[in-house]
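Visitor: Pasting in a structure now, in structure tokens, and then I'll have a few things to ask.
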Amino acid sequence: MLRSLVGSEMCIRDRVSTQSTGAPPSTNMRSRMLGVLRNRFMPKNHGPRSALLARPRPSSRSTSGTFSPLVGMAAAVTAAATANLSLFRVDMAEEGEDEGFLAGEHVDGLPTYRMEDIAKHTTLEGGYWVAFRGGVYDVTDFVEMHPGGNKIFLGIGSHVDPFWNVFQQHFQPHVQHILEDNYRIGNLHPDDQISQEELDANDPFANEPTDRSPLLKQITKRPYTAECPNEILLDDFITPNEVHYVRCHSAVPLVDVDNWKLSLSGAKGSKLELSYEDLKSKFPRHEIMMTLQCAGNRAAGYRYIKGQPHIVGTFFDGGISNSMWAGVRLRDLLAAVGVDDNGSGYNWIKCTALDGEESDPYCACMTMQKALDRFGDVIVAYEMNGEPVPRDHGFPCRVLIPGWAGLNNVKWLTAISVHKEKPDEFMADIGSKKSEPVRALPVQSLIISPHGHDTQLESDDDEVYVEGYAYSGGGNKIIKVDVTIDNGETWVRADLEQSNQQEGRHWTWTHWNASVPIKDGRYGDLKLQCKAVDSNFQTQPREYCETWMEQGVCNNRWHYITVNRPPPEEVVA
């Protein structure tokens, strides 16, 4: 049975907006984080900070290579949020790990160093040194292994405390042990240690939204990442704003909408600045219902691959949500700055955000063909489910590219520009490897209920009722979802609940359900598995495979959970 959601079935309940519009402009995050270092701890003979950040990254301890200049703290946030230092363990909660352990306590018998000593160690030849709390560490041998790639150089020759105060996954005990047990070389003089009060005074996250729903399942606090819990993920076909997943790459900008402008740079040097009210009043309004899914949805499953690290800051099952958006077509904005239907000789669009460092903010690109597609529905959105876009989701406006992974849908939009050659973009540098950002996502399906593993059934249950969602990128429609409880010997076709969007413009997820019979004699642990097929007849791989990108991005293997059906004799009266 296929049920279309139209008319009154798509109604959105009224909610009171909590959007604040009288805030000061967004703050330069990196300068605030580094302020405490510059003001008190940067030795006068250290030289410009930019010189340190431009130093070459080694390809090994004995040879010297080159790397492009760091893209600032915005990139550091991404690396820290999508990767951590857990290269040496798969399970974060490994037995015997001492909870609450912190590196940097004074160690008798080790030499004491001042900050001017540490500042001299910023080259491969001299070694890469850092300070943390009361400890000094030579991390030369770790630089090449750092999951965050070049971003480790932000702290070389100085304190890492300000950065770790933001990227708090570094405070996991096993990460602290990696630092303390492998790289400790000395103690830091007490006069050079940074107090928590000084760290707090330079906190770039001081103005985070305060109205985040307690229903969201927080994954990381800084930067904020949270997913919709499985228990309520399928309650509404259109996800309420309060429980829409959130993925931030840095501190959430606090924007004064009265002073905010969207800068457009178009053909032949044409430029235009638009206010928030200009967007709403001077261009036709366009509405789309679309699903946003983070490319890292299900990436937390990476920990189940033998020998691979757990990735902190990645989603389990809830990095996906569906909303009704309203705004201005991007093609209409481009027309206002002289870009014709053929692109006026330009091939790329770059969208730039307010978050990150002022000189190197978050940004993403799309082809001119995608931007101008009459049926592509690319918009600059100022409303989400009938309300102003909430701060966590990009207030005052964001780009929405239906069918593409969440990272392309730039929040806190401040500029749109046209280019003949492809510009650099923020997410091209994920972890320690350069890669092409994810665009359209592969076909995906998950079991949401029963929730979790080891669900207990009754011994006389002869079927299991299963619910879940499916989605495919690029406007492809889900045409079937199949569920098995006998490792693929037999399959049950699920009923689908979908929007009635046009072929090739199917931007939303599918909810599905199925009653799966249990054959007589099957008891104990039973594995429920699902797989989907889209309108291009793409399907999911059975196992983890090499189509995955680094860090578990685009994981779309068959999803499974286990349920337990006890034999009759084990039932206690």
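Visitor: Note down the net charge around Lys261, summing +1 for each Lys or Arg and -1 for each Asp or Glu among other residues with Cβ under 13 Å from its Cβ.
Guide: -4
Visitor: Lys and Arg at +1, Asp and Glu at -1: add these up for the other residues within a Cβ distance under 10 Å of Phe283 and post the number.
Guide: That sum, taken over residues with Cβ under 10 Å, equals +2.
Visitor: So, one more: Tell me, in nm to one decimal, what length is gained between Asn487 and Ala267 on full extension, where the rule is 0.36 nm per residue of separation less the Cα-Cα distance?
Guide: Net length gain for the segment: 73.5 nm.
Visitor: How big is the accessible area of Phe283 in square angstrom, nearest 10, if you roll a 1.4 angstrom probe over the protein chains?
Guide: Per-residue accessible area (Phe283): approximately 40 Å².
Visitor: How many nm is it between the label spots at Asp211 and Arg114, if each spot is 7 Å from the Cα in line with the beta carbon?
Guide: Result for the modelled spin labels: 5.2 nm.
Visitor: Work out the FRET efficiency for Ala440 and Asn182 from their Cβ-Cβ distance, taking R0 = 25 Å, and round it to the nearest 0.05.
Guide: For R0 = 25 Å, the calculated efficiency reads 0.05.
Visitor: Further, regarding this structure: What list of ³J(HN,Hα) couplings, whole Hz, do you get for segment 195-208 from phi and the Karplus terms 6.51, -1.76, 1.60, once you set θ to phi - 60° and write x for glycine and proline?
Guide: 7, 4, 4, 5, 5, 5, 5, 10, 6, x, 9, 5, 10, 5
Visitor: For Thr122, list long-range residues whose amide hydrogen, built 1.01 Å from N in the peptide plane, is under 5 Å from its own amide hydrogen.
Guide: Result for Thr122 returns nothing.
Visitor: Compute, for Val107, the solvent-accessible surface of its heavy atoms (probe 1.4 Å) with the complete set of protein chains present, and express it in square angstrom to the nearest 10.
Guide: For Val107, the solvent-accessible surface is approximately 50 Å².
Visitor: In whole Hz, what ³J(HN,Hα) sequence does segment 319-324 give by Karplus (6.51, -1.76, 1.60; θ = phi - 60°), x for Gly and Pro?
Guide: Those phi angles translate into x, 8, 7, 10, 9, 9 Hz.
Visitor: Additional query: Determine the alpha carbon to alpha carbon distance for each of Lys480/Lys519; Lys261/Lys370; Lys268/Lys422; Lys120/Lys221; Lys261/Lys477; Lys120/Lys350 and list only those over 28 Å.
Guide: Violating the 28 Å limit, Cα to Cα: Lys120/Lys221; Lys261/Lys477; Lys120/Lys350.
Visitor: In what order, largest first, do His451, His189 sit by accessible area if the probe radius is 1.4 Å?
Guide: His451, His189
Visitor: Is any residue of segment 352-389 close enough, with backbone N under 15 Å, to a label point placed 7 angstrom from the Cα of Ser535 along the Cα-Cβ axis, and if so, which?
Guide: 375-377
Visitor: While we're on this one: Taking the Cα-to-Cβ direction at Gln369 and at Ser195 and moving 7 Å from each Cα, how far apart do the two end points lie in nm?
Guide: Label-label distance for Gln369 and Ser195, simple model: 6.1 nm.
Visitor: Please give, to one decimal in nm, the separation of the simple spin-label points placed at Ser275 and Asp258, each 7 Å out from Cα toward the Cβ.
Guide: In this crude spin-label approximation the distance works out to 1.0 nm.
Visitor: On a full-extension model of 0.36 nm per residue, what is the gain between Glu242 and Lys527, subtracting their alpha-carbon distance, rounded to one decimal in nm?
Guide: Length gained, Glu242 through Lys527: 99.3 nm.
Visitor: Sticking with this structure for a sec: What trypsin sites (Lys or Arg not before Pro) does segment 401-500 have in DSSP loop regions with at most 15 other beta carbons within 10 Å?
Guide: Filter output for segment 401-500: Lys420.
Visitor: Roll a 1.4 Å probe over the protein heavy atoms and report the accessible area of Tyr382 in Å², nearest 10.
Guide: 10
The values are calculated or read from the model by the stated rules, or taken from the named source; none is laboratory data. Small disclaimer: the values here were computed from a predicted structure and weren't measured. Ideal geometry is used to build each Cβ from the backbone, glycine not excepted, and the neighbour counts take in all protein chains shown. These accessible areas exclude ligands, DNA and RNA; they are computed on the full protein's heavy atoms, side chains included. Shrake-Rupley method; radii C 1.70, N 1.55, O 1.52, S 1.80 Å.
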